[in-house]
Structure formats: structure tokens, C-alpha cells
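Read through the structure below, which is laid out as C-alpha cells, and then see the notes.
Coordinate-derived values only; no laboratory data. None of the values given here were measured: they were computed from a predicted structure. Cβ: placed from backbone, ideal geometry, glycine included. Neighbour counts: every protein chain shown.
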Amino acid sequence: AGAGAGAAGAGERESFPCVHARPPKYEGFAGLKVLRSLLRTSALVNRECKTSTTTTLSGSRPYCFVQKNTWFSAEVTGVLKRHEEICILEEFDHERSSIQITFYRDIAWDKVLKGLMISSHYHMRRGLLGRVNLFLLLDAAGHQDVMPVTLRLKVDISRNDWEQHVLDLLASRDISWRVQCMHETDGCKISSICRSSEALIAFLRDNGGSKSIVLQQYLEPLPQFAALKNRLSIKVAVLAVGNLQVYIQQDAMVYLAGGEEDEREEEAMFSLKSLKDSGGDITYRWLGPWVETLQGKLSISVEKVFDALRNKKTQFLAMPNCFELFAFTFALTSDEANGPQPWLLKVESSMEAENALRGQEKLVGSAVQLSLHALGLLPRSSEPPTFSLVKKFA
């Protein structure tokens, strides 16, 4: 499985036509106008801004105000109440609030873009959260060893030649695909594994009316897990702060869920380092000697993601008064020489979705504490670190 994934991850990508992927938002002339407008209204995103916070915010000490209408409110409140610098407001006050920790849709972006408020989200991060966009950016940056081939298709089954068109597209590519689509009629999501061109054609024929079809190279389960009905994935929390520091969770989590086509929530989880410390279940114990190596590979993958994004401001605009916690989900392949190899499947905003880091609410509190420290608003925590620095980008 590892050799096949490696071959598909490198040679196959180079000639894979990208015209079938939806163009990233804000591209072209219209996108430049949007970006210039953002840069004009922001007092922060410019060459002169070298500090993490603004004069306005630093002058408002010792009180910073927080809106906390989120699923992790209790954890964040518990962390912030320990600091006399923080005064928590139950409701957002447009005049007094200088920090917003809430959902993306509720952020007062006019104040954030003018440098008057710290936000728990970045304004533009479509290139990170959109799987197709992220794959294209990684591919263009030469990082073909991070993410399996991911494309978006629009199939017009009313044309007589659509099947041949798909077959020509996939010719000589012995790749299994995870296909996901959303129907235009009822909004229902459907996922399937297609291990041949014929199976993919049949799926597209049955679901050709979908408004969005995403193909992602399917990585076959490791031989050690081939007999299991559950699928294994690794989720690691990644914290981006300011412009730009990137941190990674020191102990990634291993998640088990239903069968390969089952999208329901994870059924069980355990920490990656627990396999090294106690051995864990015999089925997963073979991972023990590779824990440190695997954690290092996760960090390298995260660094490559932000390296591909850092100069693509229309895809990820790293502003000095923003921070955000993300969940990176990886699948594993393996070979005898190099051991387990992580492949990035998707990135989610953990500040939005409760199930992105299910069972790790305390992690969010630690992330907020670290973020506000990195932005110069809180002292360093005396608790053992939960995150380690991946890189400070210039």
C-alpha cells in the first residue's frame, strides 16, 4: 500500500490535469481587487507591521474583553478567569470588546481588519480548509509527499461522451478513489470507494446530478488493519498565531471509526504516545517504535502546508491580530524501510466544529492561553506545554 501511494503521490500528480478543479476563491482580477480592499482597510497587514499586536490593544491593558459563545466556552472561560488582565463580557460590546473568541460568522470583521480587535479566526483561509485548493497549492509548491491526489469534478451526464471523457482522464492510472458528492436536490452527502474506472463511472452515472463531486485518492488500509472493520486515522491539533507562528499538538490522537465508507463520528480514540508508553492494544502495538518518527513526520507535513500557503494571501491571509486552532486529519501508509507515512486528508477549523477534536476540550483552552501569550497579552503558562513550535515564518 505504501509503495502504491508513493507512486501515485509523485509521478501521477505531475501530469494530472487541474482544469477539473474549481478555481480558488479570490483568483484573477476580481480576486486582486478584493485583496487590495482588505489590505487597505487593515492597519496590520503591511510591511511596517513587525509586532504581534497593535498599539491600540496594548494600550487597553490590563483589561481585554472576550465574547465566548462557543462549544468550548467552559474550558476557555476557566483558563481566562485565572488572569486578572482578562475581563469577560457575557455579550459582545462593539465599543469595549478587544478580543473575540467565537464562531467565524459572528466576528466583527470591520474592527479586526482595522487592527482594533483580536480574532479567534483568520479572515481568509479557504486555501487551508478547502481540500482541492490545498492539494493544488501543495502540488504547485513541490510538496507531492503530503496529500493524496484531490480533485473536484463537474459531470454533465446529459452529454453522450461524458463516460469516455472520464476514462480518458483516468487512463493508465491504477488508483482507487474516495468519491464524495452532495446532491443539489436534498443536500444529502454520499461517499463511496471506487477501486476501478468502471466503478467510478457507475457512481457518477447514479449521482451525476450532484453540484459538487470531490475525488481523493483512496489509500488502502495498512496490512495490519486489513481484517478490521474500523478505519484508522490520526488527528493532530495545529495552532496558527499572528503573522505567523505555527504550533503542533505534542501528542497526536489516533481515532477509530466505522467502515471505509462510513462517515459517522469516531467510535474510539487513544493518544499516539500511549502506544509507546504502555504498548496499547496488540493490534496497534507495532506502531510503538515509530511514535517519535511519526510525530516528527506530522510536524514536517504541517510545516510544508504553511510553507505552500504563506505567500498566497488570497488563500491564507496571516494577520498579526488573529489566531486559529485547526484539526489536521491524516491517513497512514507504510513500507518496511521508512515505517508509517502520514498523508493529509483534510483540515478543519476546530474553533467551529465540536467533533473536529472531540474529547479534547481542554486542548482548546491551552491553545487560547498560548495564543494570547504569543500575541503579548498574557504571561506564559506555568502548566506543562501542550503544543510545540513547528516554525516561525518570517
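Looking at the range 360-394, which trypsin sites (Lys or Arg not before Pro) are in a loop (DSSP not H, G, I, E or B) and have at most 14 other Cβ atoms within 10 Å? Let's see the in-between values first.
Details: sites: 362, 380, 391, 392; in loops: 380.
Taking the range 360-394 and a limit of 14 other Cβ atoms within 10 Å, the loop trypsin sites (Lys or Arg not before Pro) found are 380.
Could you give the length gained by full extension between residue 388 and residue 269, i.e. 0.36 nm per residue of separation minus their alpha carbon distance, to one decimal place? Before the final figure, lay out each step's value.
Numbers: separation 119, 0.36 × 119 = 42.84 nm, distance 2.15 nm.
So the extension gain works out to 40.7 nm.
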Once the piece of chain linking residue 373 and residue 176 is laid out straight, how much longer is it, given 0.36 nm per residue of separation minus the C-alpha distance between them?
-> 66.4 nm
Describe numerically, in nm with one decimal, the distance between label points set 7 Å from Cα along Cα→Cβ at residue 195 and at residue 161.
-> 3.3 nm
Between residue 82 and residue 311, the FRET efficiency computed from the C-beta separation at R0 = 51 Å comes out, to the nearest 0.05, as 0.85
